[in-house]
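First the structure, in the form of structure tokens, and then the observations on it.
The values are calculated or read from the model by the stated rules, or taken from the named source; none is laboratory data. All values derive from a computational prediction rather than experimental measurement. In this analysis, Cβ positions are derived from the backbone assuming ideal geometry, glycine residues included, and neighbour counts consider all displayed protein chains. All accessible areas refer to the heavy atoms of the entire protein, side chains included, with ligands and DNA or RNA removed. Shrake-Rupley method; radii C 1.70, N 1.55, O 1.52, S 1.80 Å.
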Amino acid sequence: MEKIKIIIIDDETPARELVKHYLKEVDDIEVIAECADGFSGLKSISTLKPDLVFLDIQMPRLTGIELVEVLTEKPEIIFATAYDQFALRAFELNAVDYIMKPYEKRRFLEAVKKAIDKIRSGAGNNVPANQLLAQKPELPAPVNRIVVRKANSINIIPVDQVRYVEAQDDYVMIYHATGKALKQQTMKYYEENLPKSDFVRIHRTYIVNVAEIKQIEPYGKDNHVAVLNSGDKLPVSRSGYKQLREDLGF
């Protein structure tokens with residue numbers, strides 16, 4: 001039986017040491033790398049292709065959530081963090097488990113067993129949706145940046161540079177100050193997580209940064225379009241127009 005290859009990614013040395021200490025009780029596994037930040041973790045996952053990753057969330061340069069979002073091939077992930085507000089997003093990313101620091105050895109080994117069973121069986125994530133929703137945390141703070149992959153590089157877009165977001169089937173296109181980037185995420189996610197003081201969903205297909213709106217023009221009998229500083233024109237639905245009136249006070 002081949003050993004399960006593991007990478008540990010955590011910016012705290014004692015946390016990485018604790019994981020390695022607990023893993024001594026587990027057979028048929030091999031820690032092939034440990035990393036102290038998200039970027040080096042991303043590089044190690046891409047080159048070493050582990051079966052399982054222990055991943056901290058709050059790290060400098062690139063968070064654990066952002067790292068997983070840009071992975072093209074995802075190993076099984078166990079998130080380990082002191083912050084429970086990321087639990088739902090972690091499960092949305094198909095994490096095999098999510099353990100809260102400081103965790104007990106028993107809880108750690110339960111998560112490891114679950115991951116190993118899943119890897120050995122080749123089964124998908126069978127956690128029922130209602131169990132995931134039962135763990136739904138309070139809404140986290142609005143996002144202040146968006147991480148995207150472009151070719152082999154990882155780009156970080158501050159949200160104040162986002163002009164608008166456009167729905168494209170299972171993806172969204174992020175239009176920003178220096179170009180555009182495709183990301184596999186939902187409009188609902190951005191509607192809920194972009195700063196509500198700065199962004200408005202003006203149409204089922206568009207969320208716009210209100211600072212980018214130059215003017216709003218009538219279009220047809222009951223419709224409007226938003227003209228942006230960039231010259232782009234976006235349709236505004238009735239509900240979007242109502243929301244803009246409330247937010248902009250006109």
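Within the bounds of segment 6-19, is there any residue that is under 18 Å from the mean Cα position of the chain (by Cα) and under 19 Å from V143 (Cβ atoms)?
no
Scan segment 223-250 residue by residue and report those that are among the hydrophobic types (A, V, I, L, M, F, W, C) and open to solvent by 90 Å² or more (accessible area, probe 1.4 Å).
Applying the first criterion (among the hydrophobic types (A, V, I, L, M, F, W, C)) to segment 223-250 yields 225-228, 234, 236, 244, 248, 250.
Residue satisfying the conditions is F250 alone.
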Within segment 74-87, track down each residue that is surrounded by fewer than 18 Cβ atoms within 10 Å (Cβ to Cβ) and either modelled with pLDDT under 85 or under 19 Å from V19 (Cβ atoms) (or both).
-> A82, Y83, D84, Q85
Filtered residues of segment 29-57 (kept if in contact (Cβ under 8 Å) with a residue 40 or more places away in the chain and farther than 20 Å from V148 by Cβ) = I29, L48, K49, P50, D51, L52, V53, F54, D56
Those residues that are farther than 17 Å from V148 by Cβ and either in a loop (DSSP other than H, G, I, E, B) or among the basic types (K, R) (or both), I need them from segment 170-199; list them, please.
-> K188, P195, K196, S197, D198
Which of the strands (runs of 3 or more DSSP E) contained wholly in segment 1-61 include at least 2 residues that are open to solvent by 30 Å² or more (accessible area, probe 1.4 Å)?
-> 29-35
Give the residues of segment 230-243 that are within 29 Å of the chain's Cα centre (by Cα) and either among the β-branched types (V, I, T) or part of a loop (DSSP other than H, G, I, E, B) (or both), sorted by residue number.
-> S230, D232, V236, S237
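Report yes if some residue within segment 200-221 is part of a loop (DSSP other than H, G, I, E, B) and touching a helix residue (DSSP H, G or I) at 6+ places or on another chain (Cβ under 6 Å); otherwise report no. Show your work before the answer.
Taking segment 200-221 as the starting set, the residues that turn out to be part of a loop (DSSP other than H, G, I, E, B) are 204-205, 220-221.
Subsequent filtering for residues that are touching a helix residue (DSSP H, G or I) at 6+ places or on another chain (Cβ under 6 Å) retains none.
Within segment 200-221 (the criterion being part of a loop (DSSP other than H, G, I, E, B) and touching a helix residue (DSSP H, G or I) at 6+ places or on another chain (Cβ under 6 Å)), the answer is no, since none of the residues qualifies.
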Search result, residues across segment 163-189 that are in contact (Cβ under 8 Å) with a residue 40 or more places away in the chain and open to solvent by less than 20 Å² (accessible area, probe 1.4 Å) = Y164, V165, K183, Q185
